[in-house]
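Asker: If you scroll down you'll find the structure; I have some questions about it.
The values are calculated or read from the model by the stated rules, or taken from the named source; none is laboratory data. Remember, it's a predicted structure, so these values are computed and weren't measured experimentally. Please note: Cβ atoms are built from the backbone with ideal geometry, for glycine as well, and neighbour counts cover all protein chains shown.
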Amino acid sequence: MKLPYGVFIAADGTETLFDRSYTPIYTRDPDGKNVRRTSGWVEYASQKWFYDDSCPPWQNIKSARKCQAAVEAFVRGKPISSYWM
């Protein structure tokens, strides 16, 4: 499974996780339901990141665990804002 680098947040609250290449991975409705794999262009109003170049998950176990926990929360419909930088 690819670990997310961040999340795109659409004006309507739809959230889309993206990887380090800014490629969409998963998206979900504003209520946290209807999680699905996604691809293509994503219209968004804001974006947040889970790590930066000082602590990438392939070099930092804490970042790797945080990214994995963010994915798990995302697919379960839980908030992910506590995982943002």
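Asker: Which one of these does residue 77 not meet: (1) surrounded by 16 or more Cβ atoms within 10 Å (Cβ to Cβ); (2) of a type in the set (Gly, Ala, Ser); (3) at pLDDT 95 or above; (4) on the phi > 0 side of the Ramachandran plot?
Answerer: (1) is the only condition that residue 77 fails.
Asker: Considering only the range 45-85, how many residues are closer than 13 Å to residue 6 by Cα, within 13 Å of the chain's Cα centre (by Cα) and in a loop (DSSP other than H, G, I, E, B)?
Answerer: 5
Residue-by-condition table, conditions (1) modelled with pLDDT under 95; (2) over 16 Å from residue 69 (Cβ atoms); (3) assigned to a loop (DSSP other than H, G, I, E, B); (4) of a type in the set (A, V, I, L, M, F, W, C):
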{"position": "8", "(1), (2), (3), (4)": "no, yes, no, yes"}
{"position": "11", "(1), (2), (3), (4)": "no, yes, yes, yes"}
{"position": "22", "(1), (2), (3), (4)": "no, yes, yes, no"}
{"position": "32", "(1), (2), (3), (4)": "yes, no, yes, no"}
{"position": "39", "(1), (2), (3), (4)": "yes, yes, yes, no"}
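Asker: Examine the range 42-65 for a residue that is of a type in the set (S, T, N, Q) and under 20 Å from residue 12 (Cα atoms), and state whether such a residue exists.
Answerer: Yes, that holds for at least one residue.
Asker: On the given criteria, is residue 26 in a loop (DSSP other than H, G, I, E, B) and within 13 Å of the chain's Cα centre (by Cα)?
Answerer: Here the answer is no, as residue 26 does not meet what is asked.
Asker: Look at residue 27 and say whether it is surrounded by 15 or more Cβ atoms within 10 Å (Cβ to Cβ) and free of Cβ contacts under 8 Å to residues at least 60 places away in the same chain.
Answerer: yes
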